[in-house]
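The values are calculated or read from the model by the stated rules, or taken from the named source; none is laboratory data. Fair warning: this is a prediction, and the values are worked out from it, not measured in the lab. Cβ placement follows ideal geometry from the backbone for every residue including glycine, while neighbour counts extend to all protein chains displayed. Each accessible area value is taken on the protein alone, full model and side chains, heavy atoms only, with ligands, DNA and RNA left out. Shrake-Rupley method; radii C 1.70, N 1.55, O 1.52, S 1.80 Å.
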Amino acid sequence: MTRAIDIVRTVRDLRTRVAAWRKAGETVALVPTMGAIHAGHLSLVTLAKTQADRVVTSLFVNPLQFGPREDFHAYPRDESRDATALAAAGSDLLYAPEATEMYPPNFSTKVSVGDLTEDLCGAARPNHFDGVATVVAELLLQCAPDTAIFGEKDYQQLLVIKRLVRDLNIPVEIMGAPIVREDDGLALSSRNAYLSPAERALAPILHQTIRQVALELEQGCGADAAAEAGRFKLEAAGFRVDYVAVRDPDTLKPLHGPVTAARVLAAVHLGATRLIDNVPMPLGK
Ligand code: AMP
């Protein structure tokens, strides 16, 4: 039987645990999550274990990164189930602070990364990336890990965090981890639980479509035409499309005409559920 994972809820207790590991000469990796743990999160823990002696997983449903009409209250929460899964995957510690620990009264600091956050998900979700940057800056300062792991599933977020850490010289290595998918290609997400059976049956078309966009780019199709074809296919299948975009993989700047390296990103709504996905181009990269 797997040993239960230790849970700490305060910065003080987190730092005490990390300091003891440091004293023993051990390195530390942090895996930030909002819980509703699935195999995608667990793959980050597995990667973290290859990078450091100790792995801290944080679980905090961050109110700052949800819009007023988004699913903060409905977001799935089951800490004891999450704790069991994280222990089995080999995480050493679960940091699950209360909101007041992260945002004490009169909390008045906002971390805002410009440039990368203005469009794509930033356009559809105003303030979202400020909320992400603020909570991640705080988690990195609270835990002070050597490495922090983030999924490529949230590709724009990964680049925002890399920029944040570079700009502020936060002494941590940010590492991206590949997207874990269902057998039919749907990227694992806590929000997949919201999908009705009919929506779940349609959902894999998102990944199929952006793969198709990447293949067309590989065959020399121009970026705008390939993205437009992807949008058309998704709309015809019944998705409401936020964006299908072909972007520079490092800067997320728009690309036009034939491309040799890109990231194909998309965000759609299926009923009330917003889904995002992305693939590299070339696909093998
Ligand atoms: P979340 O709990 O949704 O905030 O996600 C926590 C971390 O897990 C983020 O770095 C996500 O990018 C990552 N993640 C979520 N879904 C997946 C997935 N299907 N594959 C890999 N990483 C993922």
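Pairing residues of region 186-197 that are more than 13 Å from Val268 (Cβ to Cβ) and assigned to a loop (DSSP other than H, G, I, E, B) with residues that are more than 8 Å from the ligand (Cβ to nearest atom) and open to solvent by 40 Å² or more (accessible area, probe 1.4 Å), at Cβ distances under 9 Å and at least 6 apart in sequence or on separate chains, gives Leu188/Glu182; Ser196/Gly271.
Contact annotation: residue pairs with Cβ atoms under 6 Å, 6 or more positions apart or on different chains, pairing a residue in region 103-122 that is in contact (Cβ under 8 Å) with a residue 24 or more places away in the chain with a partner that is in a loop (DSSP other than H, G, I, E, B) and open to solvent by less than 60 Å² (accessible area, probe 1.4 Å), are Leu116/Leu252. Consider region 184-206 and keep the residues that are farther than 22 Å from Asp82 by Cβ and hydrophobic (A, V, I, L, M, F, W, C). The one that is farthest from the ligand (Cβ to nearest atom) is Ala198.
Checked against the criterion of being over 27 Å from Ala39 (Cβ atoms), touching a Pro at 6+ places or on another chain (Cβ under 7 Å) and part of a loop (DSSP other than H, G, I, E, B), the candidates Gly220, Gly257 yield just one match: Gly220. If the condition is being farther than 24 Å from Asp248 by Cα and of a type in the set (S, T, N, Q), then region 128-168 contributes Thr134, Gln142, Thr147.
Yes/no per residue for (1) open to solvent by 50 Å² or more (accessible area, probe 1.4 Å); (2) over 26 Å from Ala74 (Cα atoms):
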position	(1), (2)
Ala4	yes, yes
Arg17	yes, yes
Lys23	yes, yes
Ala29	no, yes
Thr33	no, no
His38	no, no
Leu44	no, no
Val55	no, yes
Val61	no, no
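Scan region 232-259 for residues that are within 23 Å of the chain's Cα centre (by Cα) and under 12 Å from Gln212 (Cβ atoms) and the total you get is 2.
Scanning region 141-181 for residues that are of a type in the set (Asp, Glu) and either near the ligand (Cβ under 9 Å from one of its atoms) or in contact with a Pro (Cβ under 6 Å, 6 or more places away or on another chain) (or both) yields a total of 2.
Taking residues in region 59-86 that are in contact (Cβ under 8 Å) with a residue 60 or more places away in the chain, and partners anywhere that are basic (Lys, Arg) and surrounded by 15 or more Cβ atoms within 10 Å (Cβ to Cβ), the pairs with Cβ atoms closer than 7 Å and at least 6 places apart or on different chains are Gly67/Arg125. Among (1) open to solvent by less than 30 Å² (accessible area, probe 1.4 Å); (2) farther than 20 Å from Leu255 by Cβ; (3) β-branched (Val, Ile, Thr), there is one condition Ile205 misses while meeting the rest; what is its number? Result: Ile205 passes all but (1). At pLDDT 95 or above, part of a loop (DSSP other than H, G, I, E, B) and closer than 25 Å to Asp115 by Cβ, is that true of Asp250? Here the answer is yes, as Asp250 does meet what is asked.
Pairs are defined by a Cβ separation below 8 Å, a sequence spacing of at least 6 or placement on different chains, a first member in region 221-242 that is surrounded by 13 or more Cβ atoms within 10 Å (Cβ to Cβ), and a second member that is charged (D, E, K, R) and in a strand (DSSP E or B); the pairs so defined are Asp242/Arg274.
As an exercise: evaluate Val160 against (1) touching a residue at least 60 places away in the same chain (Cβ under 8 Å); (2) buried (at least 21 other Cβ atoms within 10 Å of the Cβ); (3) over 30 Å from Gly25 (Cα atoms); (4) of a type in the set (A, V, I, L, M, F, W, C) and give the number of the one condition it does not meet. All conditions pass for Val160, except number (1). Evaluation of Val132 against the conditions (1) open to solvent by 10 Å² or more (accessible area, probe 1.4 Å); (2) within 10 Å of the ligand (Cβ to nearest atom) shows that the sole unmet condition is (1). Residues of region 14-32 that are out of contact with any Phe, Trp or Tyr (no Cβ under 8 Å at 6 or more places or on another chain) and either within 14 Å of the ligand (Cβ to nearest atom) or modelled with pLDDT under 95 (or both): Ala29, Leu30, Val31.
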